[in-house]
1. Between the helical axis of 87-104 and the dominant principal axis of the chain, each derived from Cα atoms, what acute angle in degrees is found, rounded to the nearest 10?
2. Quick one: putting +1 on the C-beta of Lys and Arg, -1 on the C-beta of Asp and Glu, what dipole do you get for the chain around its Cα centre, in Debye to the nearest 20?
3. Note the count of lysine pairs whose C-alpha atoms are less than 26 angstrom apart in the chain, limited to pairs 8 or more residues apart or on different chains.
4. Using C-alpha positions alone, give me the convex hull volume of the range 34-113 per residue in cubic angstrom.
5. Whole angstrom only: what separates the Cα centroid of the range 107-133 from the Cα centroid of the range 1-61?
6. What is the fewest-to-most order of LEU132, LEU7 by other Cβ atoms lying within 10 Å of their Cβ?
7. Below 8 Å between Cα atoms, with a sequence gap of 6+, how large is the relative contact order for the range 13-132 in percent?
8. Which trypsin sites (Lys or Arg not before Pro) in the range 1-93 pass both tests, a DSSP loop state and at most 14 other beta-carbon atoms within 10 Å?
Amino acid sequence: VFQSFYLLQRLTAVENVGCPLRYSKVPPKEIHRRSLAMLEKMGLADRATHRPDELSGGQQQRVAIARALIGKPALLLADEPTGALDSHVSKEIMDLFISLNLEEGITIIIITHDEKIAQQCSRHVMMKDGVLR
C-alpha cells in the first residue's frame, strides 16, 4: 500500500481490487465475487462501479488496501498510507489496519513520519541516520 494509490483510472473499484487475481487460476466470476466482498469489508460496496476519479482520497486508499488484501497476504507493507489524507480519513484507515491485525492476524508494517499514526501501532522501530533503533 502506497501513499499514491496507483489505481488504474479506466477500471472501476471492483475491477481494480480484482487486478492481482487476473492472472491466477481463479475464475472471473469468483474474482468479481471476492472483489465485491472485499469492497463490502472496506465499506465501499456502494462504490464498486465507480472509477477512481469518482472516489474521494479515503475511498481510493481503501480500494488500494482492498486490492492489496485480495490475495490474502500474511504481511501488508504500508508506505505512508495516510500521508495524503485528512485526519478523519487517516483515523479510519488506522482503525481498519488495527482491525485487520487483531481480527485477521495480518502483520502490518507501516512506514510513517506521523507520530500520531506511529503511536497507534503495537510495536515501534525507528530509523535515525540510517540506523534502526
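What follows is calculated from the coordinates using simple rules that are stated; it is not laboratory data. Please read all numbers here as calculations on a predicted model, not as lab measurements. Quick reminder, even Gly has a Cβ in these numbers, built from the backbone with ideal geometry, and neighbours come from all protein chains shown.
1. Result, in degrees: 80.
2. 540 debye
3. 11
4. Per residue, the Cα convex hull of the range 34-113 comes to 90 Å³.
5. Taking the Cα centre of the range 1-61 as reference, the centre of the range 107-133 is 28 Å away.
6. Ranking LEU132, LEU7 by Cβ neighbours within 10 Å, fewest first, gives LEU132, LEU7.
7. It comes to 23 percent, rounded to a whole number.
8. On the way: sites: ARG10, ARG22, LYS25, LYS29, ARG33, ARG34, LYS41, ARG47, ARG62, ARG67, LYS91; in loops: ARG10, ARG22, LYS25.
Taking the range 1-93 and a limit of 14 other Cβ atoms within 10 Å, the loop trypsin sites (Lys or Arg not before Pro) found are ARG10, ARG22, LYS25.
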